[in-house]
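Participant: Take a look at this one; I'll ask things after.
The values are calculated or read from the model by the stated rules, or taken from the named source; none is laboratory data. As the structure is a prediction and not an experimental result, all values here were calculated from the model. No Cβ is skipped: glycine too gets one built from the backbone with ideal geometry, and neighbour counts run over all protein chains shown.
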Amino acid sequence: MNDKKYAEIGKVYHPYNLKTGQKQDSETVSELLSGCFDEIHKATTDLSHRCKERVNKAQRVMRDMVATIAFFFNMVDIYLENMQLSDHDKRLMNSYLIPGHYLKLAASKERDVDRKAHLFENAQELLSIVNRLEDLGEISSDCAIEKLEKAAKNFAQIFQRSSSCVEGRNAQLALRHQGIHRLSNRHLQALTVMHNYYVRRRDGTTAAERLFEAKPNDLFEFLLDRMDYPARPRNRLKLAA
C-alpha cells in the first residue's frame, strides 16, 4: 500500500503532465506532492513512530523538489530568450515540442509496458501537431524546424540533469558526513561551490559546465576579484619588546 502511495509521487513529479503534456509549474507540483503526502500520512496512521518520522523526513525534501521545477522553467525561459525566437516559435516550443520530447524521454525510462506505450502515444500526438503546422507552412522561415527540434530535445533533458546532479551531490555529502559530522551550513555551501565549479572530470569539465553547457568563469579569479587580501601578521618580536 505504502509503496503504491510513494509511486504516485514519481508520477506527478514532472514539469509536464504525463497525460496531457500541459505545463505543471512549481505551485501545481507543490499541490500534487502535498496531496500524495496527505494520502501517505493517512495510510501510515497505524504504523510505528519511526516509520512516521521517515515519512516526515521525506516530506521535508519536497521544498527542494519544487524548487527544481521552478529552476527548470527558469532555464527554459532563459534559453528561449537567447535563441531570439518569434512569439509563434516560442509557443510551439512551450506547448508542443518541449513537452512532446519530455514525454518521449519519460517513456523511454518507464518499465511498465502499457504505461510506456501510452506515454509514447501522448508524445507523438504533441509532436504531430508541429508536423502538421510545418506542412501548412506555419513554421517561421527564419528558424528551421530542425533547430527547434534539437533545442527542444536539449530542454527536455534539463530537468533530468538538474535532478541527477542534486542526487549525486547528496550522495557525496552523505559519504563525507560519515567521517565529518555536524558540518556547518557555511562549510556545506563552500563544499557545494567547489563541487560545482572547481572539481573536474577527466575530460576537464565541471558539474556547472555540464549542466549549463557553457564554461563558467574561473573560480579562483572570481574569488580574487571579490575577496580582500589577508592582513599582514602581527610582528610578535615588536610586541614582545
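Participant: With respect to Arg91, determine if the residue is among the basic types (Lys, Arg), within 25 Å of Asn17 (Cα to Cα) and within 15 Å of the chain's Cα centre (by Cα).
Facilitator: no
Participant: Could you list, in sequence order, all residues of the stretch 26-50 that are in a helix (DSSP H, G or I) and out of contact with any helix residue (DSSP H, G or I) (no Cβ under 6 Å at 6 or more places or on another chain)?
Facilitator: Across the stretch 26-50, the qualifying residues are Glu27, Thr28, Glu31, Ser34, Gly35, Asp38, His41, Lys42, His49, Arg50.
Participant: Might you check whether a residue that is surrounded by 14 or more Cβ atoms within 10 Å (Cβ to Cβ), touching a Ser or Thr at 6+ places or on another chain (Cβ under 7 Å) and either assigned by TED's automatic domain parsing to the domain that holds Asn154 or in a loop (DSSP other than H, G, I, E, B) (or both) occurs anywhere in the stretch 76-85?
Facilitator: no
Participant: Could you identify the single residue in Ala58, Ala67 that is surrounded by fewer than 17 Cβ atoms within 10 Å (Cβ to Cβ) and either farther than 29 Å from Lys150 by Cβ or of a type in the set (Ser, Thr, Tyr) (or both)?
Facilitator: Ala58
Participant: If Lys11 satisfies every condition in (1) modelled with pLDDT of 90 or more; (2) surrounded by fewer than 16 Cβ atoms within 10 Å (Cβ to Cβ) but one, which is the exception?
Facilitator: (1)
Participant: Out of Glu146, Glu110, Glu138, Glu134, I need the residue that is more than 28 Å from Ile9 (Cβ to Cβ), in contact with a helix residue (DSSP H, G or I) (Cβ under 6 Å, 6 or more places away or on another chain) and at pLDDT below 90. Which one?
Facilitator: From the options Glu146, Glu110, Glu138, Glu134, the qualifying one is Glu134.
Participant: Additional query: Just one of Leu175, Leu183 is at pLDDT below 80, surrounded by 11 or more Cβ atoms within 10 Å (Cβ to Cβ) and either outside the structural domain of Phe72 (by TED's automatic domain parsing) or closer than 28 Å to Val66 by Cα (or both); which is it?
Facilitator: Criteria check complete, one pass: Leu183.
Participant: On the given criteria, is Ala208 under 20 Å from Phe71 (Cβ atoms) and either at pLDDT 80 or above or not in a loop (DSSP other than H, G, I, E, B) (or both)?
Facilitator: Judged against the criteria, Ala208 is a match.
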